[in-house]
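Structure, as structure tokens:
The values are calculated or read from the model by the stated rules, or taken from the named source; none is laboratory data. If you're wondering where the values come from, they're calculated on a predicted model, not measured in any experiment. No Cβ is skipped: glycine too gets one built from the backbone with ideal geometry, and neighbour counts run over all protein chains shown. Ligands, DNA and RNA are excluded from the accessible area calculation, which covers all protein heavy atoms including side chains. Shrake-Rupley method; radii C 1.70, N 1.55, O 1.52, S 1.80 Å.
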Amino acid sequence: MTLIAEPRGGTPCDLRLHDATLAEGRRATIDILGDRVAALRDPGAPLPPATRTIDLGGALVLPGLSDGHVHLDKCLLGLPWRPHGASGSVRAIIDDEKAFRRATRIPLAEQGAEALLERMLRSGTTSLRTHVDIDDVTRIDHLAQILDLRARWSDRLQIQIVAFPQSGILGCPPVAADLGEALRMGADLVGGLDPVGIDGDRDAHLDIVFALAERHGRGIDIHLHDGDAAGLGTIAAIAARTEAAGLGGQVTISHAFALAEAGDLELGRIAEALNRAGVAILSSIPGGSRCPPIPRLQELGVPVCFGTDNVRDCWNPATVTSMVARAQLAAYRFDLRTDADLAALLAPITAVPARVLGLGPGTVAPGARADLVAFAAGGVPQVIVERQEPALVVARGAVAVDRRAAGDPPP
Ligand SMILES: [Zn+2]
């Protein structure tokens, strides 16, 4: 039995999850006090009083799932279908989205951000990192609205915010100053976007991003779609700058499509640089040929996290919001079949984001935040291949979703 301090007198446990199976296979009773796991008790151990007990009957309990990359402010869930006509270059989609924003000016409260958060929570996501557009159309409007949204959801979800220059920085004059203002307003990280492909000057773009991060004491998360030598060169430059600035553990490269094009020898060199610098990779497991080689990166020790990216917005009509489904996409994409390979897909949505992004508890342990998800499964591989929705979601110590009763269909 493992215990942390229990109060003398008073109620030793607000919520008890009795007879859970943990990811490593052992059975335990999980006691929750406030928003923390208070104790894991071995089967048969004496149980002090609890205000509420839920008998899980051996259900698998995992830490709340983490979505390392989403765009809450773009989501159009709940609005009439908007045809998707722009294709091809990143620039074409940026221009298409800006035209839509200029024409509609829809407040985010009337868009799909709330609906998206509901879906995410119901699928077991209890922490997420959202990028928020900062450009010459939105300026800081979206950020102000997402900060409000974060405050309204703070009792259920951990939300990190990246100030994201969706139109680039160098060619969009108000953006550099607005990114600084966004960090002052409460954004947690500064973003970047294709320093070569969008801004045409890798070093000038990274100069601004890293200067903002250092000036405001924040982390960095850069969208990098650039492929080939431009993309690989940018990855090397980000690693070198991170190491030089002592920002290890605070820098993420999202997408990193160029890694899909690196040979194994080159990949080994890049992995070494990323690991030395403390830079994480985030992937949404995209289709086509652009997905970084996730299992190989894991073998090389690179911290890899998964994210949803776009959900029914100007960029992507897709609506896959579950991180379990995202892990299944990785299993499909890389033809993973063994239990060991499937189980390795849990870390990018739990332990790794906790360690390198500061997202989620990452573990079920005394003292950890009580974000927990229970599945009717014998182990992680079954959850992933069956693409299960959780039977129970506990967020910050409170039951947020309970599907154990019949008649509550998955979303
Ligand atoms: Zn994105």
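What's the angle, to the nearest 10 degrees (0 to 90), between helix 174-185's Cα axis and the longest principal axis of the chain? So the helix axis and the longest Cα principal axis differ by about 20 degrees.
For the range 234-344, the solvent-accessible area with a 1.4 angstrom probe is 38 square angstrom per residue. When both the range 77-94 and the range 318-338 are represented by their alpha-carbon centers, they are found 24 Å apart. Compactness of the range 105-213, taken as the C-alpha radius of gyration over 2.2 N^0.38 Å, stands at 1.12.
In the range 138-278, the DSSP beta bridges split such that about 0 percent are antiparallel, to the nearest 5. In the range 36-126, the ratio of gyration radius to Kirkwood radius, Rg to Rh, stands at 1.23 when only Cα atoms are counted.
The local environment of Phe306, defined by Cβ-Cβ distances under 12 Å, has a net charge of +1 under the rule Lys, Arg +1 and Asp, Glu -1.
In the chain, the DSSP beta bridges split such that about 40 percent are antiparallel, to the nearest 5. Remark: spin-label model distance Arg52-Ala405 equals 1.2 nm, labels positioned 7 Å along the Cα→Cβ axis. Using the Cβ of Ile54 as centre and a radius below 11 Å, the other residues enclosed give a net charge of 0, where K and R count +1 and D and E count -1.
Expressed as a whole percent, the accessible area of the range 62-177 that falls on carbon and sulfur atoms is 54 (1.4 Å probe).
Ordered from longest to shortest, the equivalent ellipsoid semi-axes for the chain are 36, 23, 21 Å, each the square root of 5 times a Cα gyration tensor eigenvalue.
Here the range 276-375 is described by how far its Cα atoms reach on the three principal axes: 41, 31, 31 Å, from widest to narrowest.
Taking Cβ atoms as reference points and 11 Å as the exclusive limit, the residues near Asp136 contribute a net charge of +1, counting Lys and Arg as +1 and Asp and Glu as -1. Couplings 3J(HN,Hα) for the range 216-233, derived from phi with the Karplus relation 6.51 cos²θ - 1.76 cosθ + 1.60 (θ = phi - 60°), are 9, x, 10, x, 10, 9, 10, 6, 10, 8, 3, x, 6, 5, 4, x, 5, x Hz, where x marks Gly and Pro.
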